[in-house]
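The values are calculated or read from the model by the stated rules, or taken from the named source; none is laboratory data. Here the structure is a predicted model, which is why all the values come from computation and not from measurement. Here Cβ is always computed from backbone atoms with ideal geometry, including for glycine, and neighbour counts include all displayed protein chains.
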């Protein structure tokens, strides 16, 4: 059955994702924790479906409050229009600020499209550290659409690999040559949350308070969350 095939293959993949990215996450944790402790914001950007992974960190109960997403209102429709990603980043920068020393996570499964590459380039120019969340294996097999000739993982300071297959889907259908069952959202969500856990570990080790959102369904959470959000006045974008 296709669903059993998908489930078992995805389990094996997620184990691989954890092991393969462990060292990079442990390298990033202390650095990002220092930025968070100093009042810094973690920014995310994903074009098209990749935006789902970035949003996993934003306004999420049990996650850091100091996360803000650069949103593409076209849903990735013009992600390969050269210059558009730079304009998106510049507008966000004017409204919320991309500050030197902060971190941005740019998500693109293929790593070849213009908008993620341009957002990463703009952020680096502003002095941010860029984390690419991508399928390195797929990126190595495709041709970039960006005029620079570069791909996302080649620009980034740090790389998280979702270990995805070419084309993302992992289950071959009975009609040979057709595949279903994408994994980039599963793996991306796991990586985003592993990274947050590492940051929280590092904050706790230094006896620093974690700016953590609480579920609004628990007593006193709304008031506590509002108080936290005031610390980042104007810095956090609001989901559409």
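Remarks
- Within segment 12-24, the set of residues being buried (at least 20 other Cβ atoms within 10 Å of the Cβ) and out of contact with any strand residue (DSSP E or B) (no Cβ under 6 Å at 6 or more places or on another chain) comprises just one member, 17.
- Of all the numbered requirements in (1) farther than 30 Å from residue 9 by Cα; (2) at pLDDT 95 or above, residue 160 misses one, and that requirement is (1).
- When restricted to residues that are free of Cβ contacts under 8 Å to residues at least 12 places away in the same chain and closer than 14 Å to residue 168 by Cα, segment 120-153 contains 1.
- Residues (free of Cβ contacts under 8 Å to residues at least 12 places away in the same chain and either part of a loop (DSSP other than H, G, I, E, B) or more than 24 Å from the chain's Cα centre (by Cα) (or both)) located in segment 201-216: 205, 207, 209
- Output for segment 76-94, where each listed residue is exposed (fewer than 13 other Cβ atoms within 10 Å of the Cβ) and farther than 14 Å from residue 126 by Cβ: 77, 83
- Taken over segment 102-119, the residue count meeting the criterion of being touching a residue at least 60 places away in the same chain (Cβ under 8 Å) and within 22 Å of residue 195 (Cα to Cα) is 10.
- On the stretch given as segment 54-100, residues that are on the phi > 0 side of the Ramachandran plot and over 17 Å from the mean Cα position of the chain (by Cα) total 2.
- Candidate set: segment 149-164, residues that are assigned to a loop (DSSP other than H, G, I, E, B) and touching a helix residue (DSSP H, G or I) at 6+ places or on another chain (Cβ under 7 Å); chosen: the one nearest to residue 76 (Cα to Cα): 151
- On inspection, residue 52 passes the criterion of being surrounded by fewer than 16 Cβ atoms within 10 Å (Cβ to Cβ) and either touching a helix residue (DSSP H, G or I) at 6+ places or on another chain (Cβ under 7 Å) or closer than 14 Å to residue 199 by Cα (or both).
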